[in-house]
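Note sheet for the following structure.
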Amino acid sequence: MSLFLTTAGLADKKSWEDAGYVLPSYDRAAMIARTKEAPCWVHFGAGNIFRAFHANTAQELLNNGAFDRGIIVAEGFDPEIIRAMYQPHDHFSILVTLKADGSVLKTVVGSIAEALAADTPDSPDFAHLKEIFTKDSLQMATFTITEKGYSLKNGAGELLPAVAADFAAGPSHVVSYMGKVASLLYERFLAGEKPVAMVSTDNCSHNGEKLSLALTAYASAWEEHHLVQPGFLSYLQNPEKVSFPWTMIDKITPRPDDSVEKLLEEDGLADAKPIVTSRHTYVAPFVNAEECQYLVVEDCFPNGRPPLEKSGWIFTDRETVNKTERMKVCTCLNPLHTALAVFGCLLGYERISEEMKNPLLKKLVERIGYVEGLPVVTDPGILSPKQFIDEVLHLRIPNPFMPDTPQRIATDTSQKLSIRFGETIQSYLASPDLSLASLQAIPFVFAGWLRYLMGVDDNGKAFELSPDPLLPSVRPYVQTLKLGAPVDRAALSKSLAPLLSDASIFGVNLVLAGLSDRVLDAFLSMLQGPGAVADALAALTADAKEGGM
């Protein structure tokens, strides 16, 4: 029997439950009616992390009777997601939780009351969003639009064309994502300066500040050009009216995987195949994700909020959010991921979990986390850094049922090295009790990244580098190097010096910090020929063991 992910198809509850699916236990029609009448929560960004995390925690509140309304989701970057995936399935999705013990939890999530395509300012959906933003009941708008979604300028520091056009045209003719959001807040301002929390839950540091700076830039430009009524900028800058809480989010949600698709098709699910939109978004009727998840939120909501602490959200103050973010990004997760991404690509791995079966890679990330990172970790008090690393290294990354790839994680590595490793180096430089001599694995990762930029794996075969905005400027430093060919160390040191001195990439000037020679030596060892990367890893872990790793 086929299972159809629609309101009509889910009326056959027995077939779904017999196939092992957990179904919503609330009256969905009543929830939708209440949400439309008195919307409380709007979310921007209809991608996989939203469906796996936010929508599911909202469903937990609905199932437990802790809240009676759902979410209205809006997509402003890729509205094809709404039209091609949300609407045909009546806004239902399936969350496939892949547990480390091999078990799978299949949950039909129905907490999304409406899904709107916020693509053009004159569309019916955008008009509906404007109406929603005037409602007294609206308490918060959350975001998962990626860090790039808050950017107003290009790499040269120039305003993006759409942003410049919005600055000049005003809130009635917006085309940029942030311009649309700013115009919605202007509607709320005109309706009586009603309070609301604007909550970025994107995986980037100081995310609330990024959202605030972006939106106030529009308000400032519009007021300067007399395109809005006076007071709009002050409204956005008054936290008693509009707040921008900081958050830390952590949940691995890879793109839809073929193995999960096959599993659901064997259950009888119709139309399980993912699609790739014209904007290259991978989306399916299902989302596959790990079980572990964290969302730490600054508790600053001027119009109140749903009781999301009852579904696992952790509410605290801004300082604690920042400490938790630094713990994760600088020590306990992200540096380990980046190290595995770089060496996974070089060693031909297609799954991050498979890398943890390699004792050399396992020792590398253990050293980065426990030995080099923990001495300077920021302890937030609400989560134990050591327990966090334990969970990452023993449960999360080794989970064989999580289809995450080093190639995905290697995306934009040049943008990640400074925060993921540079912060640790800076802490060592600032500490009178710590020595840079202790840092062996981190410079080794930098060397591995240089080797990665050659686009040749450890067997000597070419591979495609993951997207990265700095590839055109950093690849030339290594492009002429060949595996096994003689290399003049002094000449290579001189040619690499401008790159290794770039603190915007590494977080510090590696030459001035005295770490460039360590990076260079490791890089040279990886150039000896096929198999040299694996040999260098073996040498590093052997030296570290002798040194008391």
Residue set 481, 417; condition of a type in the set (A, V, I, L, M, F, W, C) and in contact with a Ser or Thr (Cβ under 8 Å, 6 or more places away or on another chain); output residue 417
Check segment 67-86 and report whether any residue there is part of a loop (DSSP other than H, G, I, E, B), on the phi > 0 side of the Ramachandran plot and not polar (S, T, N, Q). no
Looking at the structure I just gave you, is residue 58 out of contact with any Asp or Glu (no Cβ under 6 Å at 6 or more places or on another chain), of a type in the set (A, V, I, L, M) and free of Cβ contacts under 8 Å to residues at least 12 places away in the same chain? no
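Residue by residue, here is whether (1) of a type in the set (Val, Ile, Thr); (2) within 14 Å of residue 347 (Cα to Cα); (3) assigned to a loop (DSSP other than H, G, I, E, B) holds:
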{"residue": "468", "(1), (2), (3)": "no, no, yes"}
{"residue": "479", "(1), (2), (3)": "no, no, yes"}
{"residue": "484", "(1), (2), (3)": "no, no, yes"}
{"residue": "490", "(1), (2), (3)": "no, no, no"}
{"residue": "504", "(1), (2), (3)": "no, no, no"}
{"residue": "512", "(1), (2), (3)": "no, no, no"}
{"residue": "529", "(1), (2), (3)": "no, yes, yes"}
{"residue": "535", "(1), (2), (3)": "no, yes, no"}
{"residue": "543", "(1), (2), (3)": "no, no, no"}
Heads up, the helices (runs of 4 or more DSSP H) in segment 230-333 (entirely inside) with at least 2 residues that are at pLDDT below 95 are 258-267, 318-327
With (1) under 23 Å from the mean Cα position of the chain (by Cα); (2) modelled with pLDDT under 95; (3) in a loop (DSSP other than H, G, I, E, B) as the list, and residue 156 as the residue in question, which single condition is left unmet? (1)
Do any helices (runs of 4 or more DSSP H) lying entirely in segment 344-419 carry at least 1 residues that are in contact (Cβ under 8 Å) with a residue 60 or more places away in the chain and open to solvent by 40 Å² or more (accessible area, probe 1.4 Å), and which ones are they? 359-366, 385-391, 406-409
Please find, among 18, 27, 68, the residue that is at pLDDT 95 or above, in contact with a helix residue (DSSP H, G or I) (Cβ under 6 Å, 6 or more places away or on another chain), surrounded by fewer than 18 Cβ atoms within 10 Å (Cβ to Cβ) and acidic (Asp, Glu). 68
Among the residues of segment 221-267, what is the count of those that are of a type in the set (Ser, Thr, Tyr), under 28 Å from the mean Cα position of the chain (by Cα) and open to solvent by 60 Å² or more (accessible area, probe 1.4 Å)? 1
Options 158, 114, 147, 131; residue that is within 19 Å of residue 85 (Cα to Cα) and not aliphatic (A, V, I, L, M): 114
Checking residue 460 against (1) touching a Leu at 6+ places or on another chain (Cβ under 7 Å); (2) surrounded by 15 or more Cβ atoms within 10 Å (Cβ to Cβ), only one condition comes out false. Which one? (2)
Of the residues 516, 495, which is open to solvent by less than 70 Å² (accessible area, probe 1.4 Å), among the hydroxyl-bearing types (Ser, Thr, Tyr) and touching a helix residue (DSSP H, G or I) at 6+ places or on another chain (Cβ under 6 Å)? 516
All conditions in (1) touching a residue at least 12 places away in the same chain (Cβ under 8 Å); (2) surrounded by fewer than 17 Cβ atoms within 10 Å (Cβ to Cβ) are true of residue 302 except (2)
Can you name every residue in segment 378-398 that is farther than 20 Å from residue 368 by Cα and not hydrophobic (A, V, I, L, M, F, W, C)? 381
Has segment 75-83 got any residue that is farther than 30 Å from residue 395 by Cβ, in contact with a strand residue (DSSP E or B) (Cβ under 8 Å, 6 or more places away or on another chain) and of a type in the set (Asp, Glu)? yes
Determine, yes or no, whether residue 91 is open to solvent by less than 20 Å² (accessible area, probe 1.4 Å) and touching a strand residue (DSSP E or B) at 6+ places or on another chain (Cβ under 8 Å). no
Going through segment 172-192 in order, the residues found to be of a type outside the set (Ser, Thr, Tyr), touching a Gly at 6+ places or on another chain (Cβ under 8 Å) and over 18 Å from residue 39 (Cβ atoms) are 178
Every pair of residues 6+ apart whose Cβ atoms lie under 7 Å, when the first sits in segment 504-517 and is touching a residue at least 12 places away in the same chain (Cβ under 8 Å) while the second is open to solvent by 20 Å² or more (accessible area, probe 1.4 Å) and in a loop (DSSP other than H, G, I, E, B): 510/501; 511/501
What pairs come out if I take residues in segment 308-336 that are free of Cβ contacts under 8 Å to residues at least 60 places away in the same chain and pair them with residues that are among the small types (Gly, Ala, Ser) whose C-beta lies under 8 Å away, six or more apart or interchain? 323/381
In the set 218, 186, the lone residue that is over 13 Å from residue 152 (Cβ atoms), in a helix (DSSP H, G or I) and open to solvent by less than 40 Å² (accessible area, probe 1.4 Å) is 186
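The values are calculated or read from the model by the stated rules, or taken from the named source; none is laboratory data. Please read these numbers as outputs of a predicted model, since none were measured by experiment. Backbone-built Cβ (ideal geometry, glycine too); neighbour counts: all protein chains shown. Heavy atoms of the whole protein, side chains included, go into the accessibility calculation; ligands, DNA and RNA do not. Shrake-Rupley method; radii C 1.70, N 1.55, O 1.52, S 1.80 Å.
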